[in-house]
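Inspection log for the structure reproduced underneath, given as structure tokens.
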Amino acid sequence: MTPTILDRSRNNVSGHQIFDSYFSNSQLPIIKGIRDKDMKLGLPEVTEVEIIRHYTNLTNDAFGVDNGTYPLGSCTMKYNPKRNDKLSQLAGFQKSHPLQPKKTLNGLWQFMYEMQIYLAELLGMDAFSLQPAAGAHGELAGIYIIQKYFEAERKEQRNTILVADSAHGTNPASASMAGFECKIIQTDKQGLMDIEMLKKMLDTNVAALMLTNPSTLGLFEKNIIEIAKLIHKNGSLLYYDGANLNAIMGITRPGDMGFDIAHINTHKTLSTPHGGGGPGAGPVGVKQFLRSYLPIPIADKNGEIYFPNYKLPNTIGRIKANYGHIDVLLKAYCYILTNGPQGLKETTENAVLNANYLQIKLKEILPPVFNKLCMHECLLNGDILKVSAYTFVKRLIDYGIHPPTLVGAGCVYFSDDLGSAILMEPTETETKETLDEMVMIFRQILDEVKENEDFIKNAPHSKNVSQIPFMAQEII
Amino acid sequence: MYGYNTLNNNDKKLMLKEIGLETINSLFQDIPEPIRMIRQLNLPQPYSEWALEKKLVNLAKNNIHTDEYFCFLGGGYYNHFVPAVVDAIVNRSEFLTSYTPYQPEMSQGLLQALYEYQLLMAKITGLPIVSSSSYDGATALADAALMCDSIQKENKNQKLLVAKSIWPQYLEVLKTYMSGRKIEIEMIDYDIKTGMLNFDELRNQIQQENPVGFLFQSPNAFGIIEDIAKVTNICNNAKVISVLSFNPLTIGLLKTPGELGVDIVTGEGQPLGIHLNAGGSSLGILSTHSKYRQYIPGRLIGKVKDIKGNPAYSLVFENREQHVAREKANTNICSNQALNSIKSAIFLSYVGETGFRKLAMLNYEKTQYLMNNLLKLKDVELVFNGMVFNEFVIKFPISVKIIIEKMLSKKIFAGIEYKNISEIENTLLISVTEKLDKGDLDYYISSLKEILA
């Protein structure tokens with residue numbers, strides 16, 4: 001293992017330039033709980049160049065979209081445009097304090113206002129709050145909105161949230177976190193949500209159905225109009241998990257499908273970098289009848305004046321401090337403006353085209369689980385491989401490709417009968433050439449399996465560590 | 001062709017042919033006609049690179065930022081310096097553009113950086129387990145509150161005691177988070193002289209209410225440093241979980257909360273190398289004892305063995321998390337503040353043991369300088385006499401709104417109006433960081449003197 005920054009610590013060196021020519025009193029103040037000079041915390045002492053080399057070397061053992069193909073299903077690992085990074089770091093935003101007098105942040109309110117409008121148009125909703133910090137946080141805000149709506153408007157107790165068995169783990173987790181009981185609807189033979197089962201589960205306890213469309217199986221829930229009717233007839237609400245929005249921009253909208261609440265993961269569809277796990281952003285949008293329930297503040301406009309509006313009568317309150325992940329949202333805003341309506345639609349078209357192309361080209365090696373067109377991602381069956389899907393995809397690492405999503409190695413979940421399924425999402429970022437190359441590499445690995453099964457079973461072979469078993473035991 | 005699309009017409013033709021389709025449109029045949037968009041999205045037409053830059057530069061110009069005006073604003077977010085090394089590393093695309101390290105073999109560097117964050121932050125919190133990470137200081141506190149509820153499952157009395165002197169925004173977030181599980185919140189008042197917790201009330205309420213936990217903040221919303229050991233003593237005696245929200249920079253001067261007996265330490269990591277960004281994104285610090293590890297939400301990085309028996313970093317204890325446990329997960333968090341936690345780790349490495357203390361000392365000394373000199377002005381009073389670190393509450397003889405306005409015309413963000421929480425009229429929370437030099441502090445004093453004259 002590479003030494004940690006703490007291992008590199010030496011006495012009497014430092015990397016910092018921290019001093020002030022006037023204030024140099026080193027007398028400790030008399031405060032209760034003061035830490036005496038000889039009580040060390042154990043922070044490292046290293047020089048600036050050692051810090052830079054240490055972390056630069058660590059980045060060399062990491063893999064981003066900028067390093068290569070990243071077909072991680074349901075994560076939409078598309079290119080993160082550099083101009084967005086640059087423009088998100090303008091001093092007017094980066095160096096603004098959230099509690100400055102309102103009138104000194106006019107650019108912020110205007111940006112937020114426009115972003116809310118763009119997102120509302122993109123998803124077919126009427127109003128948006130930019131506050132949630134991530135997709136799951138947007139879901140949580142949505143769940144609180146549902147809860148408050150039944151309390152305040154309908155004066156009803158509804159304690160059940162329905163989710164599809166193929167839903168992202170965050171869906172049922174968000175519902176439980178807010179105190180709801182989760183009930184799971186199974187997937188039918190066509191890979192769609194079992195609508196007969198849904199009908200049986202609908203009763204006056206059901207507050208909402210949470211749905212991703214297209215689903216994490218890469219299929220469009222084509223019964224969505226009927227599903228929306230059933231849900232609304234039951235007096236329940238329909239929640240849209242926007243994780244797979246890259247499949248439908250400019251083609252259809254959650255609002256038009258009948259969804260009442262929706263969030264969007266800007267770090268997926270709108271190209272903001274994922275940063276090794278975050279920060280992302282998960283704005284939440286609603287139809288007009290739920291606008292007054294949104295987290296506060298939202299940006300508003302009166303004549304030519306933009307301002308933060310705290311006066312939403314039914315608001316669920318704050319879901320985080322301040323206004324949302326402004327640095328992240330700025331990148332998403334830049335992405336929308338660079339693409340324009342046509343560019344966003346083409347993004348979706350190419351993402352879906354790439355996924356279907358990959359599905360067809362890999363058909364002989366990895367047949368699709370559902371033998372039909374897919375949306376932005378394809379679900380392939382790893383059962384016919386001679387080695388486990390887990391080890392097969394590990395070999396991709398040696399070829400400089402990030403493995404696709406499998407059970408437990410990605411943010412989705414497959415039921416038991418899909419235990420060796422492989423979910424691939426090439427996104428619009430990949431060229432036909434990189435897809436062809438990837439297919440060739442898959443074939444090559446297949447040949448390698450025939451020649452030397454053990455070699456593949458022990459992949460990867462080119463990294464600093466060897467294969468790490470699934471859910472490996474932790475060394476304490 | 002617009003945007004970032006990589007296929008040309010010839011590619012598309014060949015690919016469609018391979019799939020057995022004629023048109024792009026037929027890819028979407030599963031989407032029913034009635035819900036298809038028959039018009040273009042009503043969004044602005046595409047911007048050229050320079051037009052986009054102009055648009056963003058103009059928006060940014062409509063904000064006044066902290067390099068333009070003297071910033072005496074705090075309230076949980078501080079105008080500290082961000083060392084160049086932080087931006088240099090986190091703007092590297094290997095970290096910036098990577099996903100959550102679900103494939104540990106190709107993410108050892110990223111995992112190690114996150115692991116080191118946990119190690120370094122544990123030294124600041126004084127508790128061994130650090131999550132990687134919560135969204136911000138407010139949600140970290142709410143996460144800790146939910147932890148209390150889960151740890152004390154047998155306690156059917158779902159009540160939390162919360163100090164009145166936490167940031168108002170944190171309280172709002174807490175109320176939202178607690179509304180779901182119907183956890184009741186009871187407030188503990190502060191002492192009007194010291195600004196510190198009212199310990200008698202705390203003792204009484206703990207006895208009467210049998211709460212699942214007690215949440216407090218230090219330095220609190222008045223900038224006052226609490227007697228943490230006294231709080232944890234009261235909590236421990238009653239077997240109530242103590243949860244602190246702290247400013248990590250104070251640990252340059254003070255003992256770690258873990259050492260003082262706090263059970264769950266939370267905080268806002270923004271002071272440690274993270275730009276203000278109008279309040280987000282920042283970093284939620286969450287840390288606890290080993291015995292509560294199963295209850296901590298979010299990612300944990302640990303060591304495992306690869307198939308050759310060599311140690312390697314990996315996400316661990318994933319059966320707590322939503323992607324494995326689903327509705328039984330201890331929370332729903334997935335995307336977190338990974339890159340910002342790495343910023344704070346780089347920051348802590350940069351300042352190191354000696355720099356961390358120096359930095360905290362500078363903040364303390366400069367705050368004392370400003371405070372002592374302001375108190376020399378006529379009719380200017382300190383509201384509380386408790387010890388402060390980097391901010392304090394001042395009471396003025398005239399309307400604070402006027403003061404803020406007049407100071408603004410002198411290019412000073414004078415402070416945060418504080419009526420809502422201290423319940424006393426005309427008070428201002430004034431905050432200082434190392435970035436303000438003596439000249440800046442003197443300018444504040446002379447400007448205020450002029451306004452009050």
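Evaluate the range A:224-239: report whether one residue or more is surrounded by fewer than 20 Cβ atoms within 10 Å (Cβ to Cβ), within 12 Å of chain B (Cβ to nearest Cβ) and either farther than 22 Å from A:R154 by Cβ or under 23 Å from the mean Cα position of the chain (by Cα) (or both). Yes: the range A:224-239 contains one or more residues that are surrounded by fewer than 20 Cβ atoms within 10 Å (Cβ to Cβ), within 12 Å of chain B (Cβ to nearest Cβ) and either farther than 22 Å from A:R154 by Cβ or under 23 Å from the mean Cα position of the chain (by Cα) (or both). Candidates in the range B:356-384 are the residues that are touching a Lys or Arg at 6+ places or on another chain (Cβ under 6 Å) and either assigned to a loop (DSSP other than H, G, I, E, B) or within 13 Å of chain A (Cβ to nearest Cβ) (or both); of these, the one that is nearest to B:G76 (Cα to Cα) is B:V383.
Residue by residue, here is whether (1) surrounded by fewer than 24 Cβ atoms within 10 Å (Cβ to Cβ); (2) in contact (Cβ under 8 Å) with a residue 12 or more places away in the chain; (3) at the interface with chain A (Cβ under 7 Å from one of its Cβ atoms); (4) hydrophobic (A, V, I, L, M, F, W, C) holds:
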{"site": "B:V85", "(1), (2), (3), (4)": "yes, yes, yes, yes"}
{"site": "B:E94", "(1), (2), (3), (4)": "yes, yes, yes, no"}
{"site": "B:Y99", "(1), (2), (3), (4)": "no, no, yes, no"}
{"site": "B:Q112", "(1), (2), (3), (4)": "no, yes, yes, no"}
{"site": "B:I129", "(1), (2), (3), (4)": "yes, yes, no, yes"}
{"site": "B:L141", "(1), (2), (3), (4)": "no, yes, no, yes"}
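Reported count of residues in the range B:409-448, each being part of a strand (DSSP E or B) and either small (G, A, S) or outside the structural domain of B:K366 (by TED's automatic domain parsing) (or both), is 1. Of everything in the range A:73-114 that is in contact with a Pro (Cβ under 9 Å, 6 or more places away or on another chain) and in a loop (DSSP other than H, G, I, E, B), the residue that is nearest to B:L52 (Cα to Cα) is A:N80. Within the range A:438-457, the set of residues being acidic (D, E) and without any contact (Cβ under 8 Å) to a residue 12 or more places away in the chain comprises A:D447, A:E451, A:D454.
For the criterion of being in contact with a Lys or Arg (Cβ under 7 Å, 6 or more places away or on another chain), aliphatic (A, V, I, L, M) and modelled with pLDDT of 95 or more, A:L211 fails.
For the range A:257-303, which residues satisfy the criterion of being at the interface with chain B (Cβ under 8 Å from one of its Cβ atoms), in contact (Cβ under 8 Å) with a residue 60 or more places away in the chain and either out of contact with any helix residue (DSSP H, G or I) (no Cβ under 8 Å at 6 or more places or on another chain) or more than 18 Å from A:G142 (Cβ to Cβ) (or both)? Once the filter is applied, which keeps residues that are at the interface with chain B (Cβ under 8 Å from one of its Cβ atoms), in contact (Cβ under 8 Å) with a residue 60 or more places away in the chain and either out of contact with any helix residue (DSSP H, G or I) (no Cβ under 8 Å at 6 or more places or on another chain) or more than 18 Å from A:G142 (Cβ to Cβ) (or both), the range A:257-303 yields A:S271, A:P273, A:H274, A:G276, A:G278, A:P279. Residues that are assigned to a helix (DSSP H, G or I) and of a type outside the set (A, V, I, L, M, F, W, C) were ranked within the range B:64-94; the one that is nearest to the chain's Cα centre (by Cα) is B:D87.
Of all residues in the range A:384-404, those being of a type in the set (A, V, I, L, M, F, W, C), more than 10 Å from every other protein chain (Cβ to nearest Cβ), over 10 Å from A:I456 (Cα atoms) and within 26 Å of the chain's Cα centre (by Cα) number 1.
The residue that is nearest to A:I316 (Cα to Cα), among those in the range A:120-131 that are buried (at least 24 other Cβ atoms within 10 Å of the Cβ) and at the interface with chain B (Cβ under 9 Å from one of its Cβ atoms), is A:Q131. When we screen A:N381, A:N354, A:N371 for residues that are within 25 Å of the chain's Cα centre (by Cα) and more than 12 Å from chain B (Cβ to nearest Cβ), the only hit is A:N381.
Quick check on my filter: what residues within the range B:277-311 are facing another protein chain (nearest Cβ under 7 Å) and among the charged types (D, E, K, R)? Passing the criteria: B:R299, B:K303, B:K305, B:D306, B:K308. The residue pairs whose first member lies in the range B:57-77 and is more than 7 Å from every other protein chain (Cβ to nearest Cβ) and over 22 Å from B:G269 (Cα atoms), whose second member is part of a strand (DSSP E or B) and not small (G, A, S), and whose beta carbons are closer than 8 Å, counting only pairs six or more residues apart or on different chains, are B:Y69/B:I412; B:Y69/B:F413; B:F70/B:I412; B:F70/B:F413.
Just give me the residues in the range A:27-58 being over 41 Å from the mean Cα position of the chain (by Cα) and more than 7 Å from chain B (Cβ to nearest Cβ), in sequence order.
A:Q27, A:L28, A:I30, A:D36, A:K37, A:D38, A:M39
Of all residues in the range A:169-182, exactly one satisfies the criterion of being within 22 Å of A:V407 (Cβ to Cβ) and in a strand (DSSP E or B), namely A:C182. If you go through the range B:10-44 and keep only what is at the interface with another protein chain (Cβ under 7 Å from one of its Cβ atoms), part of a helix (DSSP H, G or I) and of a type in the set (D, E, K, R), you end up with B:D11, B:K12, B:E18.
Filtered by the rule that a residue be within 8 Å of chain B (Cβ to nearest Cβ) and either of a type in the set (G, A, S) or without any contact (Cβ under 8 Å) to a residue 60 or more places away in the chain (or both), the range A:87-119 gives A:L90, A:A91, A:G92, A:K95, A:S96, A:H97, A:L99, A:Q100, A:P101, A:T104, A:L105, A:G107. Among residues belonging to the range A:1-53 that are in contact with a Pro (Cβ under 7 Å, 6 or more places away or on another chain) and of a type in the set (A, V, I, L, M), point out the one that is surrounded by the fewest Cβ atoms within 10 Å (Cβ to Cβ). For the range A:1-53, the residue satisfying everything is A:M1.
For (1) in a loop (DSSP other than H, G, I, E, B); (2) of a type in the set (D, E); (3) in contact with a helix residue (DSSP H, G or I) (Cβ under 6 Å, 6 or more places away or on another chain), each residue gets a yes or a no:
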{"position": "B:A140", "(1), (2), (3)": "no, no, no"}
{"position": "B:M147", "(1), (2), (3)": "no, no, yes"}
{"position": "B:E154", "(1), (2), (3)": "yes, yes, no"}
{"position": "B:K175", "(1), (2), (3)": "no, no, no"}
{"position": "B:M187", "(1), (2), (3)": "no, no, no"}
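When each of B:F246, B:F214, B:F199 is tested for being farther than 30 Å from B:F72 by Cβ, aromatic (F, W, Y) and buried (at least 24 other Cβ atoms within 10 Å of the Cβ), the lone residue that passes is B:F214. If the condition is being more than 7 Å from every other protein chain (Cβ to nearest Cβ) and either of a type in the set (S, T, N, Q) or crowded, with 24+ Cβ neighbours inside 10 Å (or both), then the range B:316-337 contributes B:N319, B:E321, B:N330.
The values are calculated or read from the model by the stated rules, or taken from the named source; none is laboratory data. Please read these numbers as outputs of a predicted model, since none were measured by experiment. No Cβ is skipped: glycine too gets one built from the backbone with ideal geometry, and neighbour counts run over all protein chains shown.
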